[in-house]
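See below for the structure under consideration.
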Amino acid sequence: MKSIPTKSAVVYFNSDVYIELNRHIKNTNPSSIFILVDTNTHNYCLPQVLSKLESNNIVVEVMEIPEGEEHKTIDICTGVWEALSEYNADRKSLMINLGGGVVTDLGGFVASTYMRGIDYINVPTSLLAMVDASVGGKTGVDLGSLKNQIGVISEGSMVLIDTSFLDTLPQNHMISGYAEMIKHGLITDKNYWDTLTQLEKLDISDLDQLIYDSVVIKNNIVSEDPTEKGLRKILNFGHTLGHAIESYFLQNADKSPLLHGEAIAIGMLLETYLSTIVCGMSLDELANITEGILKSFQKVKINHQDLEVIIRLLKHDKKNSHGKVKFVLLNAIGKPTIDCEVSNDLIFEAFDYYNNL
């Protein structure tokens, strides 16, 4: 499987991963190497990386953070910054972020800001991180329950995708990552969407190619618009409402937190409905998308009293400008439109559609 060059990083797959990692270490000769893991990747993924790592007598330190979105915070960053300082990390140190989206987002932010930036490499271990979080240079942490409010865009040196790590992933986390792949099809490629919604015709051997195709789609978009001035905004389809729903379920003690992809699946259903009203998407495509998403994602109960809070959370969305909420909607599958304004009445109508499915 070929590597994928980006603006500053290169994405390597499977057999090339450890060859390129060790080549990078040999060529750059870092003063020290820090591997950031969470509780799960420390147990299930770190041993494989350490067994393949050729450190050339360079000191290697492992730093562990707790697992889960609720730990993607500035307080955790402070702990990692302090650990780097305590272990004498300098501007020639290398940081390897081994984990899912929380680890790659947070680790990239820590590396990008420690001593104004040290070299880092993302080694995503979840499907979500492989096809989305680790690619494109977005780093950051949550501000309370608000998703990714603090961060910078800063590419690491490379992304190393070893799909064997997916063997350690729970089924619900696999499905969560699948939501971002669905999104890539909906915003760019109807054929890819059609393939993803016919999983019964595929087997596990097809997964590597689908992951590769998804990374190519995202890379093509972010390479053309790395700082999200225009085209890159289409990657936010499903995320305006999805992030608000995810934040609400995270902050509400009466709700079970949703995985990112579970919330984004709801967001895509809602924003597809909005697309029929605002952009004229056909009802046939609405039915097609609804059926395709509900094949893999169960409905979540959202009460009418939840909606006021969810709508208030929309004002924190990073795509907003001049006090207006901006949506990415679809004219048709593969034909997105950015910066769409939607009234609260239509948002309530979209939730009615979802709740009545």
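Data overview
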| read-out | value |
| --- | --- |
| The chain - charge dipole about Cα centre, Lys and Arg +1 at Cβ, Asp and Glu -1, debye rounded to 20 | 840 debye |
| Order by protection proxy (mean Cβ within 10 Å, highest first), peptides 71-83, 147-159 | 147-159, 71-83 |
| The stretch 1-159, relative contact order in percent, only Cα pairs under 8 angstrom and at least six apart counted | 24 percent |
| Selection from SER164, LEU196, GLY185 lying farthest towards where the dipole of the stretch 118-212 points positive, charges on Cβ | GLY185 |
| Charge dipole of the stretch 1-100 about the Cα centre (unit charges at C-beta), most positive-ward option of GLY79, PRO30, LEU50 | PRO30 |
| Too-long pairs where the Cα-Cα distance tops 32 Å, listed order kept, from LYS295/LYS335; LYS52/LYS335; LYS301/LYS324 | LYS52/LYS335 |
| The stretch 219-357 - charge dipole about Cα centre, Lys and Arg +1 at Cβ, Asp and Glu -1, debye rounded to 20 | 340 debye |
| In the stretch 82-132, the trypsin sites (Lys or Arg not before Pro) that fall in loop regions by DSSP, at most 12 other Cβ within 10 Å | ARG91 |
| For the chain: relative contact order, % (alpha-carbon pairs under 8 angstrom, 6 or more apart) | 14 percent |
| The stretch 139-211 shape via C-alpha gyration tensor axes, a/c threshold 1.5 | prolate |
| Hydrodynamic radius (Kirkwood) for the stretch 55-190, which is based on Cα pairs only, to one decimal in Å | 15.5 Å |
| Accessible area of the stretch 145-294 divided out per residue, in Å², using a probe of 1.4 angstrom | 38 Å² |
| Inter-site label distance for LYS335 and ASP194 at 7 Å from Cα along Cβ, in nm | 1.6 nm |
| Table column - 3J(HN,Hα) (Hz), the stretch 179-196, Karplus curve with 6.51, -1.76, 1.60, x for Gly and Pro | 4, 5, 5, 4, 4, 4, x, 5, 8, 9, 8, 4, 4, 5, 4, 4, 5, 5 |
| Helix-derived mean residue ellipticity, 222 nm - over the chain, DSSP H n ≥ 4, -39500 (n - 2.57), to 500 | -14000 deg cm²/dmol |
| In Hz, Karplus ³J(HN,Hα) per residue of the stretch 220-225 (6.51, -1.76, 1.60; θ = phi - 60°; x = Gly, Pro) | 4, 6, 6, 5, 6, 9 |
| Accessible surface of the chain [probe 1.4 Å, protein heavy atoms]: carbon and sulfur percent | 49 percent |
| Label-point separation, GLU224 to LYS52 (7 Å along Cα→Cβ), nm | 3.2 nm |
| Neighbourhood charge, 10 Å Cβ-Cβ cut-off, centred on LEU235 and excluding it, Lys, Arg +1 and Asp, Glu -1 | +1 |
| Net lengthening on full extension, LYS299/SER205 (0.36 nm per residue, minus Cα-Cα) | 31.0 nm |
| Nitroxide proxy distance, nm - points 7 Å out along Cα→Cβ at ALA253 and MET1 | 4.4 nm |
| Folded to 0 to 90 degrees: helix 17-28 orientation relative to the chain principal axis, Cα | 50 degrees |
| Net length gained if the chain between ILE19 and SER85 were fully extended (0.36 nm per residue, minus Cα distance) | 20.8 nm |
| Size of electric dipole in the stretch 162-249: Cβ of Lys, Arg +1 and of Asp, Glu -1, about Cα centre, debye, nearest 20 | 440 debye |
| Interchain or long-range residues, amide H under 5 Å from TYR120's placed H | MET95, SER157 |
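The values are calculated or read from the model by the stated rules, or taken from the named source; none is laboratory data. Keep in mind that this is a model prediction, so the values were computed, not measured. Every residue, glycine among them, receives a Cβ derived from its backbone with ideal geometry; neighbour counts consider all protein chains shown. Accessible surface is based on the protein model in full, side chains and every heavy atom, while ligands, DNA and RNA are left aside. Shrake-Rupley method; radii C 1.70, N 1.55, O 1.52, S 1.80 Å.
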